[in-house]
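What follows is a short report on a single structure.
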Amino acid sequence: MNHKLKYIFILGVCVSLISSCKRELLSPTPQTSISDASAFDTPDRILNQVRSLYAAMKNGNFYGGRYIVYGDIRGEDFINETSNLVTGSDVWSLNPANTSQNSVKNLWSQAYFTINLCNVFIDGMVAKGSNVVGTAQANNYLGEAKLIRALSYYSLLQYYARPYADGNGSKPGLPLRLTAIKGAGSSDLARSTVGEVYNQVVADLDYAETNLPATYTTAILNTTRAHKNTAIALKTRVYLSMQKYDKVITEANKIVPATAPFTASSGVPHALQADITNVFKAPYTTTESILSMPMTTTSGDNPGTQNQLGFYFYNNGAVGSAEYSLYPAGIIANASWTATDRRRAFIYTNTTSGKKYLSKYTAPSPYTDYAPVIRWSEVLLNLAEALARTNAGVDARALALVNAVRQRSDANTTIGATTQAQLIAAILLERRIEFLGEGLRNNDLMRLLQPIPAKGSAPLKNPSDVGYIWPISSDELALNSQMTDN
């Protein structure tokens, strides 16, 4: 469905009665369309609408695939193998256009579709749903909706707006839609500033933290449904992107102990796994995974053709079929990433071509690897960086945190630093290694206003260059008379 139709014909989708062949997997299949008046009549209908919010977010054009892919291929660690616009060659070369259907238009469309579903749900719960399920359960559900809305807005900011550091949030951000669009003629809305959008993201996450449950009853729900620690963890990411390091520390300290082994002190007992490769193996529900998008072999419950993480980065190791190989001069060439590091197991060498590929996502077609949204190791490194940037010299806790991440994969290596600058550099390097293929590289370059390094035939892109951020979708520009382009 194109962008315009998603705005003007959303009601039938968001008030569909949704069911799931495996109820804990948040994999809704529409069964029966129901009227807006009865969409919030029963607890089951309301729960199924909550599931539909996650289903929208895990769409292959969003967190189920392409959003994560784009976050890595914009950086300097992958080489495009196919020159295929459908699979992001223009994203890799840093020159997508307003009309780029498979990147600029589809990501914008799916993210705002998800936001609008959240708004429809929030409006309906306030009007009627709370009386059906009770205040406590209603607040849980509203917390999930607001967290998904927050993550969607945050994600859009990473591609379509200037980084917060450029003007302290004063540059044009996004149309901040907080009420449901249920028909035509409701799309005109000017861009709020970057800072105003971030403030709404934080407000939604604050609400989510207050109202979400501390835990669920199963590991799969703790991995695929938002809980209090999910909101806190995401706030450490958001505040890091805003360079509000004191707030990163405040949020992280709610759940990260002062000393090793750094297992979460409340809520779900998040912890680094002894072997990182287990995080990316079925059933994908270790306590390291704070939030992931679940996939199954059921049609419509996986990312879909040319959207899957495994298709882009590995494709079962087939000769010449993966879209992106690892850049030989990128992070895999860094001498600090030792040969004995367990994360080197995620590097696959094709014996025919000699090229190296990322093998974090190895499930065969239809590619049912869970898509990672945020892991515990990110919270630890977010805190480490915030401490390192806040405190002069070499902060001992920051050093312990980055070494906890390094040494669970490379027990014989200890990261050392004698200056604040060395410590910060070590943490940033660790992020490139730890989150390779998880979509965070673009975020890190943007938040620090760093140039996007050259790779292969793609030249370096400075923060002032055209293409450093994406243009606005041509659909939005056509539909919203108050919208301005980048």
| task | Return a yes/no flag: does segment 180-192 have any residue that is at pLDDT 95 or above and not in a loop (DSSP other than H, G, I, E, B). | result | yes
| Is there any pair linking a residue in segment 46-59 that is among the aromatic types (Phe, Trp, Tyr) to one that is modelled with pLDDT under 95 and open to solvent by less than 10 Å² (accessible area, probe 1.4 Å), with Cβ under 8 Å and at least six apart or on different chains, and which? | 54/26
| said: Let me spell it out: the conditions are (1) surrounded by fewer than 21 Cβ atoms within 10 Å (Cβ to Cβ); (2) of a type outside the set (Gly, Ala, Ser); (3) under 30 Å from residue 40 (Cα atoms), and residue 106 meets all of them except one. Which number is the exception? | reply: (1)
| task | Identify the residue in segment 127-155 that is of a type in the set (A, V, I, L, M, F, W, C) and surrounded by fewer than 22 Cβ atoms within 10 Å (Cβ to Cβ) and, among all such residues, is farthest from residue 235 (Cα to Cα). | result | 132
| note | Scanning segment 269-314 for residues that are β-branched (Val, Ile, Thr) and assigned to a loop (DSSP other than H, G, I, E, B), the one surrounded by the most Cβ atoms within 10 Å (Cβ to Cβ) turns out to be 286
| message | I need every pair where a residue in segment 208-221 that is open to solvent by less than 30 Å² (accessible area, probe 1.4 Å) has its Cβ under 6 Å from the Cβ of a residue that is among the basic types (Lys, Arg) and not in a loop (DSSP other than H, G, I, E, B), sequence separation at least 6 or different chains. | response | 208/146; 212/228
| remark: Counted residues in segment 78-101 being in contact with a helix residue (DSSP H, G or I) (Cβ under 9 Å, 6 or more places away or on another chain) and either closer than 21 Å to residue 151 by Cα or open to solvent by less than 10 Å² (accessible area, probe 1.4 Å) (or both) come to 4
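One line per residue, one yes/no per condition, for (1) of a type in the set (Val, Ile, Thr); (2) at pLDDT 95 or above; (3) part of a loop (DSSP other than H, G, I, E, B); (4) under 23 Å from the mean Cα position of the chain (by Cα):
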{"site": "46", "(1), (2), (3), (4)": "yes, yes, no, no"}
{"site": "53", "(1), (2), (3), (4)": "no, yes, no, yes"}
{"site": "61", "(1), (2), (3), (4)": "no, yes, yes, yes"}
{"site": "71", "(1), (2), (3), (4)": "no, yes, no, yes"}
{"site": "76", "(1), (2), (3), (4)": "no, yes, yes, yes"}
{"site": "79", "(1), (2), (3), (4)": "yes, yes, no, yes"}
{"site": "82", "(1), (2), (3), (4)": "yes, no, yes, no"}
| said: Show the residue pairs meeting these rules: Cβ distance below 6 Å; 6+ apart or different chains; first residue within segment 274-290 and touching a residue at least 24 places away in the same chain (Cβ under 8 Å); second residue buried (at least 19 other Cβ atoms within 10 Å of the Cβ) and of a type in the set (Asp, Glu). | reply: 279/288
| Within the bounds of segment 179-187, is there any residue that is surrounded by fewer than 24 Cβ atoms within 10 Å (Cβ to Cβ), in contact with a strand residue (DSSP E or B) (Cβ under 9 Å, 6 or more places away or on another chain) and more than 26 Å from residue 69 (Cα to Cα)? | yes
| request: Might you let me know whether segment 191-203 holds any residue that is hydrophobic (A, V, I, L, M, F, W, C), without any contact (Cβ under 8 Å) to a residue 60 or more places away in the chain, touching a Gly at 6+ places or on another chain (Cβ under 8 Å) and crowded, with 19+ Cβ neighbours inside 10 Å? | output: yes
| Given segment 379-479, what helices (runs of 4 or more DSSP H) lie entirely inside it while holding 1 or more residues that are over 22 Å from residue 156 (Cα atoms) and either open to solvent by less than 30 Å² (accessible area, probe 1.4 Å) or in contact (Cβ under 8 Å) with a residue 60 or more places away in the chain (or both)? | 396-409, 420-434
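With 201, 194 as the choices, which residue is among the hydrophobic types (A, V, I, L, M, F, W, C) and under 17 Å from the mean Cα position of the chain (by Cα)?
Step by step, each of 201, 194 is checked, and only 201 is among the hydrophobic types (A, V, I, L, M, F, W, C) and under 17 Å from the mean Cα position of the chain (by Cα).
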| query | Which residue out of 234, 309, 240 is within 23 Å of residue 214 (Cβ to Cβ) and in contact (Cβ under 8 Å) with a residue 12 or more places away in the chain? | reply | 234
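The values are calculated or read from the model by the stated rules, or taken from the named source; none is laboratory data. Just so you know, these numbers come straight off a predicted model, no measurement behind them. As a convention, Cβ positions derive from the backbone with ideal geometry for all residues, glycine included, and neighbour counts pool all protein chains shown. The accessibility values were calculated without ligands, DNA or RNA, using every heavy atom of the protein model including side chains. Shrake-Rupley method; radii C 1.70, N 1.55, O 1.52, S 1.80 Å.
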